[in-house]
Protein chains: 2
Amino acid sequence: DHFIIAGFGTTGGAAVHELMENGIEPGKILVIDPSEEVLERALSVGCITLMGDATRNATLQMANIEHARSFVAAGGRDDTSALIVMSARQMNETVKISAIIKSEENEFLVKKAGADTVINPVALGGHLLARAATGSHVVDYITDLVVASGRVQLIERRVEIGEVGGPLTSCKGGLAVRIVRGGKYYGFWEPEAQSVEEHDIVVEIVPTGNAGANMSVGDAVPPATG
Amino acid sequence: DHFIIAGFGTTGGAAVHELMENGIEPGKILVIDPSEEVLERALSVGCITLMGDATRNATLQMANIEHARSFVAAGGRDDTSALIVMSARQMNETVKISAIIKSEENEFLVKKAGADTVINPVALGGHLLARAATGSHVVDYITDLVVASGRVQLIERRVEIGEVGGPLTSCKGGLAVRIVRGGKYYGFWEPEAQSVEEHDIVVEIVPTGNAGANMSVGDAVPPATG
Ligand SMILES: [Ca+2]
Ligand SMILES: [Ca+2]
């Protein structure tokens, strides 16, 4: 039930940092990278490290991918990422795989290789720039939803027994925005959301522990402290 | 009331595409780039183009920055972006300025130079990878909130007269999640959100025109059509 991170560049490093912020113990995070120098940084924050080439089955086997909970392909060229994802998927049919890509045209390729989630930071950055050009509060809110710090977080969870039969808006805990049912998404305004079913997954916004903290306009997340 | 985009690389290009998806006419978008080849791509989608160096005041003056609605610094090195932002801010005290950075440590620098919003795609990508490692529905939802396509969008707007005095949850149109009041943010769960005031800005999730479209799990946004 460990997390494997293939690549500890800027993106992979940010992913590991954020996993730890989300409460994952560093001892549950195994970092694969070909560079010893890079791995020393991963070691220094408590991760398990493995020097090697993540495109090779032998490396993934040493990382015990058969029993991993999640696999992250972070960084490198898109064709390398596709190859890593394909190898990882061949060795574990059910592990959750996510990958970073640099070019939009490779999204389909990497999904076809077996990734559950493909993230394109450059395209997202462009989209956010466009949103920022018309108003900054939206960008601050989205940033807060994404990062573990700040005042809110977007989570997904199973429906609780007491919620079944009621509308999505009556779900406890936070502000429910979407349900996942039978492989489809339904929004808060749709008839399907008026009666929650037992096997639904709820996507909801929840206040975080920092929710009492004062946040000013322009702070996507609270200022970092010493 | 035009938009100036300094840099038409992958990020700047994505920003322009998304502005147009959000209904901004390409004739209102002025692209500055030193490369003629790059500018031809901008021309081909209908933008106004200006060949030059956006760090120079003369270039910004030719772009009529005094009357711009929004200025976007997209791409290039972080120190160049800081310089561009500083020049733009000197020439227009009130224009909305947003900028892309590549390294987290430069966020403060670029904000200090005068940017209203600073976006770090690499860090965001890492954060999203971490979220994807524990569940993909959250990442799909955040992507949908960011991009113009898909089923929902996050917007900011002024409070309407009929909403004043009521709770945030009774705001019409969408699902209100946060208010901006006196330079501070308040969430849907807070006492301040129980009575909306006249000058509040509301951040809310609204269904888009595509809201009737069926979306399956794994589709952050509907599949592109021919
Ligand atoms: Ca947060
Ligand atoms: Ca959308």
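The values are calculated or read from the model by the stated rules, or taken from the named source; none is laboratory data. Just so you know, these numbers come straight off a predicted model, no measurement behind them. As a convention, Cβ positions derive from the backbone with ideal geometry for all residues, glycine included, and neighbour counts pool all protein chains shown.
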*Might you let me know whether region B:123-133 holds any residue that is within 16 Å of ligand 2 (Cβ to nearest atom) and assigned to a loop (DSSP other than H, G, I, E, B)?*
no
_Residues of region A:166-175 classified as small (Gly, Ala, Ser), more than 15 Å from ligand 1 (Cβ to nearest atom) and either within 9 Å of chain B (Cβ to nearest Cβ) or exposed (fewer than 13 other Cβ atoms within 10 Å of the Cβ) (or both), total_ = 1
*Any idea which residue in region A:146-159 is nearest to ligand 2 (Cβ to nearest atom), counting only those that are touching a residue at least 12 places away in the same chain (Cβ under 8 Å) and in contact with a helix residue (DSSP H, G or I) (Cβ under 6 Å, 6 or more places away or on another chain)?*
A:LEU154
_Name the residue that is nearest to the other protein chains (Cβ to nearest Cβ), counting only residues in region B:105-141 that are in contact (Cβ under 8 Å) with a residue 24 or more places away in the chain and of a type in the set (A, V, I, L, M)._
B:VAL139
_For the structure I just gave you, tell me whether A:ALA82 is away from chain B (no Cβ under 13 Å), surrounded by 21 or more Cβ atoms within 10 Å (Cβ to Cβ) and either within 16 Å of ligand 2 (Cβ to nearest atom) or in contact (Cβ under 8 Å) with a residue 12 or more places away in the chain (or both)._
yes
*Consider A:SER170 carefully, then state whether it is under 30 Å from B:THR117 (Cβ atoms) and among the polar types (S, T, N, Q).*
no
*Limited to region B:11-55, what total is found for residues that are within 11 Å of chain A (Cβ to nearest Cβ) and surrounded by 19 or more Cβ atoms within 10 Å (Cβ to Cβ)?*
10
*Count, please, the residues in region B:6-30 that happen to be touching a Phe, Trp or Tyr at 6+ places or on another chain (Cβ under 9 Å) and farther than 22 Å from A:GLU105 by Cβ.*
5
*Scan region A:149-162 residue by residue and report those that are more than 7 Å from chain B (Cβ to nearest Cβ) and within 6 Å of ligand 1 (Cβ to nearest atom).*
A:SER149, A:GLY150, A:GLN153
*asked:* One residue is enough: does region A:102-117 have a residue meeting the conditions closer than 21 Å to A:VAL202 by Cα and away from ligand 1 (no atom under 16 Å from the Cβ)?
replied: yes
*Take the residues in region A:183-192 that are out of contact with any Asp or Glu (no Cβ under 9 Å at 6 or more places or on another chain) and within 11 Å of another protein chain (Cβ to nearest Cβ), then tell me which one is surrounded by the fewest Cβ atoms within 10 Å (Cβ to Cβ).*
A:GLY183
_Boolean, A:GLY187 is under 25 Å from B:TYR186 (Cβ atoms), within 16 Å of ligand 2 (Cβ to nearest atom) and small (Gly, Ala, Ser)_ = yes
*Would it be correct to say that B:VAL164 is in contact (Cβ under 8 Å) with a residue 24 or more places away in the chain, out of contact with any strand residue (DSSP E or B) (no Cβ under 6 Å at 6 or more places or on another chain) and away from ligand 2 (no atom under 15 Å from the Cβ)?*
yes
*Starting from region A:200-225, keep only residues that are within 9 Å of chain B (Cβ to nearest Cβ), then list their pairs with residues that are modelled with pLDDT under 90 and near ligand 1 (Cβ under 10 Å from one of its atoms) whose Cβ atoms are within a distance under 7 Å, requiring at least 6 positions of separation or different chains.*
A:MET215/A:PRO222
*Quick check: is even one residue across region A:38-47 within 25 Å of A:LEU145 (Cα to Cα) and among the basic types (Lys, Arg)?*
no
